[in-house]
Amino acid sequence: MDLEKLILELFAVEGIKFGNYTLKSGIEAPVYVDLRVVISYPKLMVEVSNFLWEAAKKAKGSFKTICGVPYTALPLATCISVKENIPMLIRRKEAKGYGTKKLIEGIFNEGDGCLIIEDVCTSGSSVLDTVQALNSVGIAVTDAVVLLDREQGAVDMLKYENITLHSICKLSHVIEVLEKHGKIDSDMVSKVKTFITENRFKPPSSIDQLPKKVLTYGERSELCTHPVTKELFKIMHEKETNLVVSADLKTTKEVLQVLKKIGPHICMAKTHIDIIEDYNPEFVTQLCEIAKKHNFLLFEDRKFADIGNTVKLQYSSGLYRISDWAHVINAHSVPGEGVVKGLKEVGLVKDRACLLIAEMSSLGNLATGDYTVATIKMAEENKDFVVGFISQKKLCDDPTLVHMTPGVKLECGKDSLGQQYLTPDEVIGRRGSDIIIVGRGIVQAHDIVKAAKAYQQAGYLAYQQLLP
Ligand SMILES: O=c1ccn([C@@H]2O[C@H](COP(=O)(O)O)[C@@H](O)[C@H]2O)c(=O)[nH]1
């Protein structure tokens, strides 16, 4: 079967449909691709998998196994595995809560290469989720093959993560073939073409794409109009640090002791106030005194995630009265813009600031793809209060928005509960984030001052190397 015939068959079984569709992201689209239908047409499924295997021959990296992106590509990978006698791995969407708790099923050795099999790519985020799961158990991925590339940014997004995407056909070719065979008219062709160009996901800035002149923290402070970011960049510039410590300790004494010792090396201290067992208002008074003395800001990592009215109360009232002392708080965007509006009603008059959680460091988290894109938009539309992101990389080029990255240690790795660590050099130097957030790497160190200095130096050096 040639490619043209394959496209016509996929259209005939309604794997590709035209009309008005609302996509998962809420975007209205004139075309809908749902290749789940192929499992009902075994011969077609075999044809699709043959095409995928042909594309796999273009892979530059070597691979010993293949892995289909769940769920639609699982049967396609199975067909290839059986026909080509190549071992397969299965990625569980959630690690089992019982038995072996494996995230990746199948036999492999650390360092093995794996080829990703996918049916359709839009932003590439589903492929990336599978890559991350494989990487977390030591499997390397360099290439992915996909039947249909919707041409909405997946190639660039994956390239940014060092994955080469090989597609069998692109959406623009599909519509040309269908028009040629009288299946759709020219109006539909131009609608789909417009849709493709207007709905492209942009990859985050990589180091090669950073503006030629990287602004210094001092210059960024000058550009900021929000008092918190103005102050934060000024502190970072003056103290020569992009380090935030996460003081995740259970007693007021421990938190205060740590901050007294490492205060000179940080630009901000992050708390989880509800971890503290002997909380009292006097603690906050002392916290503020230390912050003032050592010139750092306070960030309560409360991760608000409720309707506007509730977060307003949680922020202003209760035992902790967070808005009275925390310069910065953060929120999930999952409830919609109401969460920002509610927090803003409390925080704006006090010159407080909010970060939106656009990405997370933990394995298998859902803050990816369209969710991250929508979160960036929410931040950009609320810049009077939202001053940046919790993210794993730089997400937008606006120098007045700050990117803060948790999950940092001097060596890459993970903990037993899904936390994933990147190095300061990777986070600041390669991924273009502004701030490293370090918890256990410092507070559980034998010598916390020595550890804080090491993180301060590593983070700041990575930043300096970006400067012209
Ligand atoms: O995606 C996220 C968001 C927040 N955190 C928080 O950062 C620290 C990290 O602590 P480590 O000891 O360095 O792992 C912790 O307070 C988390 O709640 C995160 O890790 N990932």
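Just so you know, all these numbers are worked out from the coordinates, no wet-lab data involved. Predicted model, so just to flag it, every value in this text is computed and none were measured. Glycine gets a Cβ as well: all are built from the backbone with ideal geometry, and neighbour counts include every protein chain shown.
log₁₀ I(q)/I(0) of the range 245-323 at q = 0.14, 0.16, 0.25 Å⁻¹, via Debye over equal Cα point scatterers, no solvent, to two decimals?
Rounded to two decimals, the profile gives -0.45, -0.59, -1.23.
The range 424-468: D in µm²/s via Stokes-Einstein (Kirkwood Rh, Cα pairs, 20 °C, 1.002 mPa s)?
In µm²/s, the coefficient rounds to 198.
How fast does the chain diffuse by Stokes-Einstein, in µm²/s, taking the Kirkwood radius from C-alpha pairs at 20 °C and 1.002 mPa s?
Details: Rh = 24.1 Å.
Estimated diffusion coefficient is 89 µm²/s.
Arranged by the count of other C-beta atoms within 10 angstrom, fewest first, what order do 251, 368 take?
251, 368
Over the Cα atoms of the range 3-198, what is the Rg over Rh ratio if Rh follows Kirkwood?
That ratio is 0.98, to two decimals.
For helix 171-180, what angle does its Cα long axis make with the longest principal axis of the chain, in degrees from 0 to 90 and rounded to 10?
Its long axis makes an angle of about 30 degrees.
Please list, ordered by chain and number, the residues whose modelled amide H lies under 5 Å from the amide H of residue 104; skip anything fewer than 5 residues away on the same chain.
Distant-sequence amide H within range of residue 104: 92.
List the residues, sorted by chain then number, that are 5 or more residues from residue 303 or on another chain and whose placed amide H is less than 5 Å from its amide H.
The list, which skips near neighbours in sequence, is 330.
Could you go through the range 123-139 in sequence order and give the Karplus-derived ³J(HN,Hα) for each residue, using 6.51 cos²θ - 1.76 cosθ + 1.60 with θ = phi - 60°, rounded to whole Hz, and x for Gly and Pro?
8, x, 5, 5, 4, 4, 4, 5, 4, 4, 5, 5, 4, 5, 10, x, 8
What is the helix-to-structure angle for 3-12, meaning the angle in degrees between its Cα long axis and the longest Cα principal axis of the chain, kept from 0 to 90 and rounded to the nearest 10?
For helix 3-12, the angle is close to 80 degrees.
Quick one: which residues, 5+ away or cross-chain, put their amide H under 5 Å from the amide H of residue 184? H built at 1.01 Å from N.
179
Quickly estimate the mean residue ellipticity at 222 nm for the chain, helices only: each DSSP H run with n ≥ 4 gives -39500 (n - 2.57), and the total goes over all residues, rounded to 500.
Values: 16 runs with 176 residues, N = 468.
The per-residue figure over the chain is -11500 deg cm²/dmol.
Computed on alpha carbon atoms, what radius of gyration and Dmax characterise the range 340-437, expressed in Å?
14.1, 42
Quick check on the range 217-464: take the gyration tensor over C-alpha atoms, sort the square-rooted eigenvalues as a ≥ b ≥ c, and tell me if it's rounded (a/c under 1.5), prolate or oblate.
Because its axes are fairly even, with a/c under 1.5, the range 217-464 counts as rounded.
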